Ligand code: SF4
Ligand code: SF4
Ligand code: SF4
């Protein structure tokens, strides 16, 4: 942890939200809704899930009342920040037919400046992956770019891992390392409740300077470091990444894929909750008169039939081919494509799979399967 | 404005009813704001629910609601097919036999004997069947009832000669896009969403209810795997059988799954 850390007392936390709002940011953070802690617009610290935690396991999520009144005592929300940076449904343009010709109106894209409150280490890595996908190279995605450019990030070091977390295996957490404006560690001991704050950017420093704060003591910094270190020991899941890419390529015909396909519903939930899955489909619609047409872009999933539809039919017509495509892309071919794994170990696909299919379990079974490995690619 | 020549006249639309509750046809009348646009784009030639005026066939587009349940229905749908350039079935009755397909799981004679004073007067078929069992159907629009936005989409697509955007994937896709917290995972409420065809915009989960399967089986429904998970949630065979045996009881995937729980002993 940075030696230059600061302390923000719990009772001053509301000033952080206010300072961001004064700077024109819409503050988006955790709040309790529909029996879960979701990310949504929050106005004040009373909107935060004070004292709430969660219990997560395969196919199961439960809210839990914690002993202390922590603001960030939960682990991960059902959906990721992807929702705000890469929205599930956007209109791209509209066309109007007039006098035998037509004109195209680009969609008005009103983008609020968003401050994300409570971004975890794995989620920062996921945003970094989306940055590569959408901002690197010749084809920049303007929708993502506009949203990302205005984002202020308040990260939070995890004080608690869930039953489906495995960021430690993926080296994406639980400690926040980069990609934030401000990073907080929530410390609650017998007498005090405060945040140890690290500054990541000048913008972060400017906001911090507007709040009541002071330099952190060596003890406070050590207390924060100790909390994150303890979280690393709580991982509910693990994934052995050494040789995993080769295993997936070599075992593409393993009977284990048939087994998982017997359980998989091809519902697509895992892909939509994954913070790095970015696929979309584009749909053209017309009105009844044919005077107005529009093009929309929506989240898609490699688990749908239409996803691999080319003239004559779907290429991946079996559920087996679709599950294999997803897992192999996520953990192997993503590395060839983008230089990093597509998985940050957040565990959402495990928790939110309605039948509890566990990507780490599948990986382990492939890794320990009886058949000898072929030549690694 | 001159009067339209025969070539540029609006397509003739007919709406037909078989064994059904009228709910799907009413979705068309329920289009309120868009109804004038519909009336402007097509000539409503036969739609007894809306107008008594009848224009003779042939028809460019026939929307058919309801299932085939009598020998008379069989003859009638064949005549309608002959008079229709495009025939689109709307709703669970027309696409899967509807709730009345519950008769398919029992002896119809027992039912007529129980319901009618003089069963001999009743001329009915043993099964309630989808329209596509009897004639060629150009497109099936799912739902109990259908979603009016999807109906407008199907009519627009027909008018402009394009494929309708009515995705065949799961309700979960709509549920996640909408941002609803999954009721099966977070509340352990049994939900048919993962095996059900999209189209309702995941209405029930948004109101904290499990999906009832109104739109019938999705493109690749793994009903057995979902049932196995429902058992873990404490759902026993009789309830499992009933869950799959409702508005879309006659749809193949749901029929088979309900039968698997009918005499299962666990
Ligand atoms: S694959 Fe699963 S665990 Fe990995 S980042 Fe995606 S949702 Fe999280
Ligand atoms: S792995 Fe789970 S969430 Fe993903 S498609 Fe299969 S059943 Fe759905
Ligand atoms: S609530 Fe039902 S429809 Fe929604 S994601 Fe969960 S299982 Fe799917």
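A short reminder: the numbers here are calculations on the coordinates, not readings from a lab. Just so you know, these numbers come straight off a predicted model, no measurement behind them. Every residue, glycine among them, receives a Cβ derived from its backbone with ideal geometry; neighbour counts consider all protein chains shown.
A compact table of results
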{"quantity": "Alpha-carbon centroid distance for the pair the range B:228-257 / the range A:220-258, whole angstrom", "calculated": "37"}
{"quantity": "Expected-Rg normalisation [2.2 N^0.38 Å, Cα atoms] applied to chain A", "calculated": "1.07"}
{"quantity": "Residue mean of other protein chain beta carbons inside 10 Å, A:258-270", "calculated": "6"}
{"quantity": "Degrees between helix B:71-83 axis and first principal axis of chain B (Cα, 0 to 90, nearest 10)", "calculated": "50"}
{"quantity": "Longest to shortest principal axis, alpha-carbon extents of the range B:6-159, angstrom", "calculated": "53, 27, 27"}
{"quantity": "Principal axis dimensions, largest first and in whole angstrom, of the protein assembly as shown by Cα", "calculated": "92, 68, 53"}
{"quantity": "Exercise: per-residue mean of other protein chain Cβ atoms within 10 Å, B:163-176", "calculated": "6"}
{"quantity": "Equivalent ellipsoid, the range B:51-102 (semi-axes from 5 times Cα gyration tensor eigenvalues, Å)", "calculated": "21, 12, 11"}
{"quantity": "Counting DSSP beta bridges with both ends in chain B, the antiparallel % (nearest 5)", "calculated": "20"}
{"quantity": "Ordering of A:246-258, A:184-196, B:187-199 by packing [mean C-beta count within 10 Å, highest first]", "calculated": "B:187-199, A:184-196, A:246-258"}
{"quantity": "DSSP beta bridges in the range B:6-159 [antiparallel fraction, %, rounded to 5]", "calculated": "10"}
{"quantity": "Which of A:125, A:213 has the fewest Cβ neighbours within 10 Å, and the rest in rising order", "calculated": "A:213, A:125"}
{"quantity": "Which of A:72, A:6, B:105 has the fewest Cβ neighbours within 10 Å, and the rest in rising order", "calculated": "B:105, A:6, A:72"}
{"quantity": "Alpha carbon convex hull of the range A:212-361, volume per residue in cubic angstrom", "calculated": "224"}
{"quantity": "Shielding of A:38-45 by partner chains, average beta-carbon count, 10 Å", "calculated": "1"}
{"quantity": "Cα gyration tensor shape of the range B:171-260, rounded if a/c is under 1.5, else prolate or oblate by comparing a/b with b/c", "calculated": "oblate"}
{"quantity": "Reciprocal of mean inverse Cα separation for the range A:132-230 (Kirkwood radius, Å)", "calculated": "15.7"}
{"quantity": "Three principal axis lengths of the range B:154-218 [C-alpha, angstrom, descending]", "calculated": "44, 21, 15"}
{"quantity": "q = 0.30 Å⁻¹, the range A:314-355: log10 I(q)/I(0) [Debye, one scatterer per Cα]", "calculated": "-0.99"}
{"quantity": "The range B:74-179: radius of gyration over Cα atoms, expressed as a fraction of 2.2 N^0.38 Å", "calculated": "1.36"}
{"quantity": "Approximate spin-label separation residue B:160-residue A:113, in nm, with each point projected 7 Å along Cα-to-Cβ", "calculated": "3.9"}
{"quantity": "Sequence of B:17, A:330 once ranked by neighbouring C-beta atoms within 10 Å, starting from the fewest", "calculated": "B:17, A:330"}
{"quantity": "Within chain A, helix-based [θ] at 222 nm, where runs of 4 or more DSSP H residues each add -39,500 (n - 2.57), nearest 500", "calculated": "-8000 deg cm²/dmol"}
{"quantity": "Share antiparallel - DSSP beta bridges, the protein assembly as shown, percent rounded to 5", "calculated": "65"}
{"quantity": "Equivalent ellipsoid dimensions for chain B as semi-axes, Å, which come from the Cα gyration tensor, largest first", "calculated": "34, 25, 14"}
{"quantity": "Choice from B:165, B:248, B:147 showing the highest fluctuation, given a GNM over chain B with Cα pairs closer than 10 Å", "calculated": "B:165"}
{"quantity": "More than 23 angstrom apart: percent of Cα pairs within the range A:280-377", "calculated": "45"}
{"quantity": "Packing rank of A:263-270, B:219-226, where each peptide gets the mean count of other beta carbons within 10 Å, highest leading", "calculated": "A:263-270, B:219-226"}
{"quantity": "Förster-model FRET efficiency, 45 Å R0, residue B:116 and residue B:228, C-beta, rounded to 0.05", "calculated": "0.65"}
